[in-house]
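Derivation of every value follows stated rules applied to the coordinates shown; laboratory data play no part. Predicted, not measured: the structure shown is a model, and the values here were computed from it. Ideal geometry is used to build each Cβ from the backbone, glycine not excepted, and the neighbour counts take in all protein chains shown.
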Amino acid sequence: MKKGHDNLYSMRQLNHRGNMIAKKRRLEMALLLLATILIILIITISQHIKKAQDAKAYQEQLVQYQAEQARLEQERIAEEERKRKEKIPQVTEQAVQDFESIYHSDTKRAFLTFDDGPSPITPNILDTLKEKNVKATFFMLGSSVKNFPETVKRVYDEGHYIANHGYSHVYSKIYTSPQTVLDEYNQTNEAIKEAIGEPEFNSHLFRFPGGLAGGKYAEIKKQAKDLLIQNQIYAIDWNCLSGDAETSTPTSDYLMSRLQATSQGKNSLIILMHDAQAKKVTADTLPQIIDYLAGQGYEFKTFYDIF
Ligand SMILES: [Zn+2]
């Protein structure tokens, strides 16, 4: 009986232990499940936090990028504005001083100037200037500006100086009075402004058709020069020439010999040439003219170096 009791006891004991183990297992399972849930929860939360942080960082980067883009755009606009203004000639005290001593220079310098254009030969001249990396000054006729506005724009865009040679080039018309000279200047300036799309443009630089002094209209010219100065417009002739207007059919050799003869012993050259349609020889000889002057040690200038 005792043995039976003992057996029962150990059975109970065993049962109890078995229950304990099962309980413990359930507890372990529950803990494991809890731990798993916790881990998943932590991972999910941290992923959410990371996503939120990433989104915030992205947002910040986007704002920074947009601010940087806006700043660059403003800089670009300011730079364009600076370049635009730089191409509009300005009359300063220094400019007037420099202009008055235009024929004097310590170093050798050459201003290539072309009158009576633009015309169909002007693009050839521009091609040569571009190839030789030389800038020049073009004294344009208002009537020709009206006929070749694209060429005028090209001259301007390629950094050459656009100056004014009146509108008609008809002496009896332009030299009717000092006022008609000013009127032709203004009429031509309007045509230039329209062609280049620059409403503030004023070259402040005029070349009298037929020259500044002498001739039948000497007195009108003299008075016109004063009237122009009152309007901050400065008149310039030349002290050197290619002779391309001296005969009806000059040759390249003739142009070169006239250039050599008239540039002799001068440091500061204002060289008269023409880009009217009939002056094909000037366009053809230009590479030689530039090479000759460069070989003589001249540095090329435009009136942007003055105004
Ligand atoms: Zn002329």
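Only Lys, Arg, Asp and Glu count, each charged at its Cβ (+1, +1, -1, -1), so figure out the dipole size of the chain about its Cα centre, rounded to 20 debye.
3400 debye
Gain in length, N19 to H104, computed as 0.36 nm per residue apart minus the alpha-carbon separation, to one decimal in nm?
18.7 nm
Given the options L34, L293, L241, state which has the largest fluctuation in a GNM of the chain using a 10 Å cut-off (strictly under) for Cα springs.
It is L34.
Name the helices (complete DSSP H segments) of the chain with a Cα length along the long axis of 20 Å or more and a Kyte-Doolittle mean of at least 0.0, or state none.
Helix filter hits for the chain: 280-295.
Sort the range 93-305 into rounded, prolate or oblate with this rule: let a ≥ b ≥ c be the square roots of the eigenvalues of the Cα gyration tensor; rounded if a/c is under 1.5, and if a/c is not under 1.5, prolate when a/b is larger than b/c, oblate otherwise.
rounded
Answer with one residue from I196, A235, Q223: the one whose Cα lies farthest towards the positive end of the charge dipole of the range 170-271, charges on Cβ with Lys, Arg +1 and Asp, Glu -1.
With unit charges placed on the Cβ atoms, the residue in question is Q223.
Distance from the Cα centre of the range 90-123 to that of the range 47-71, in angstrom?
55 Å
Mind giving me the FRET efficiency for V91 and K130? R0 is 35 Å, r the Cβ-Cβ distance, nearest 0.05 is fine.
The calculated FRET efficiency here is 0.75.
Using a simple charge model, +1 on the beta-carbon of Lys and Arg, -1 on the beta-carbon of Asp and Glu, nothing else, what dipole does the range 1-86 show about its Cα centre, in debye to the nearest 20?
Once rounded to the nearest 20, the dipole reads 1280 debye.
List the extent of the Cα atoms of the range 1-86 along each of their three principal axes, largest first, rounded to whole Å.
Sorted from largest, the Cα extents of the range 1-86 read 124, 9, 6 Å.
Do the alpha carbons of any pairs in K83/K135; K83/K222; K87/K280; K153/K216 sit beyond 25 Å of each other, and which pairs?
Checking Cα-Cα distances, K83/K222; K87/K280; K153/K216 exceed 25 Å.
Helix-only mean residue ellipticity at 222 nm, the chain, DSSP H runs n ≥ 4 weighted -39,500 (n - 2.57), per residue, nearest 500. What is it?
Mean residue ellipticity at 222 nm (helix-derived): -20000 deg cm²/dmol.
Give me the number: length gained by fully extending S10 to E158, i.e. 0.36 nm times residue separation minus the C-alpha to C-alpha distance, one decimal in nm.
Contour length minus Cα-Cα distance gives 42.1 nm.
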